[in-house]
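Report on the following structure.
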Amino acid sequence: MSWKDRTFEHPGEEALSFPFIQWVNNGGSVEPRAERGGFACPTGQEVSIPGIDARLHHRNGEYTEVIFAQELSAAVFKTRFAWIKDGVRIANYTRGARGKLQVLVYVRGENGTAAVGPVMLTFTGIPSRQFGQLRKQFAAAVRKATKGKAPAYAFWMRLKAGEVEMVGQSQKSPITTIELAADLDPDRDYIGDALVDSIPWPQAEEWAKAWDSPGPNGEGEIAGAESEESSDDRGMTLEQARSIALPVNATKSGISAGTPLGQVADKLPDTKALLNWLSAQSEEHPHAAQAATLLVNESSNVDI
């Protein structure tokens, strides 16, 4: 029997799937046209979000029927991150790859009614980094408001489409930033005991681990959506990598957060351990991880 004549299974990856919501950078790809991007939930799934019926157009001429919204309340309880190139997950960043972040959440329904989910939110490139920063900001607000007695996943994270920015190297493309729609109010934003108790932790762990190794993409893609994503992460130049700021304090190396990674790389080989560590922080600091990987690879090509 030829491989063409059979169906292959991918245990632990495609066997476990959830409905998904895609972040759309450009409101111009939505019909009716929107000034900003937002959240697009394909119709025909078992979930629905508060929003309007719309079409998400792709550059190949196809379109997807979606529910489109520029605000969404989500309770985030698991994430997974991967570098994607040519539609396939790869182990480490390489030129032309894009970071993809998927977030497993419950979503608040119409008028604050029953929650929807679990469902995946999918972000690519710059929006994935922005969402990661917002999640840290929100988690810090929860810790402060609850004095550390409650986790961030127990509260609604109110998200909205922000300003439109033009990004890219040779050809500029519009992206819509992601913002918090409201400050945390722990009494108002608590998702409730029933929802906290319903979080499927074993399945969420299995879902996250499915991206631990390279391989074909799991679920969560809108056909043609790749064409809607920003092109700025197709390849980072060495100059750009050198300008990225160190996101954390490196106490052992005596280097402060905010130091350009170019200055860190100039101290190689003494700082190679720091750059190697940063290269592995693709979920927490995807842009810095990308830059550190490029700088480490570049150093291997010169006599140091």
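Things to note:
- Estimated distance in nm for a label pair at Ala257 and Ala194, the labels positioned 7 Å out from Cα along Cα-to-Cβ: 4.0
- Ordering 64-76, 249-261, 44-56, 23-35 by mean Cβ neighbour count within 10 Å, with the highest value first, yields 64-76, 23-35, 44-56, 249-261.
- Alpha carbon centroid spacing (whole Å) that separates the range 73-128 from the range 193-210: 15
- Taken as Cα centroids, the range 129-158 and the range 245-270 sit 27 Å apart, rounded to the nearest whole angstrom.
- Scaling the Cα radius of gyration of the range 238-299 by the globular reference 2.2 N^0.38 Å produces a ratio of 0.94.
- Relative contact order (percent, whole number), the range 84-130, Cα cutoff 8 Å, 6+ residue spacing: 34
- Förster radius 41 Å - calculated FRET efficiency between Asp86 and Asp270 (Cβ-Cβ, nearest 0.05): 0.70
Taken together, the values in this text are just the output of simple stated rules run on the coordinates, not laboratory data. Quick caveat: nothing in here was measured; it's all calculated off a predicted structure. Note that each Cβ is placed from the backbone with ideal geometry, even for glycine, and that neighbours are counted across all protein chains shown.
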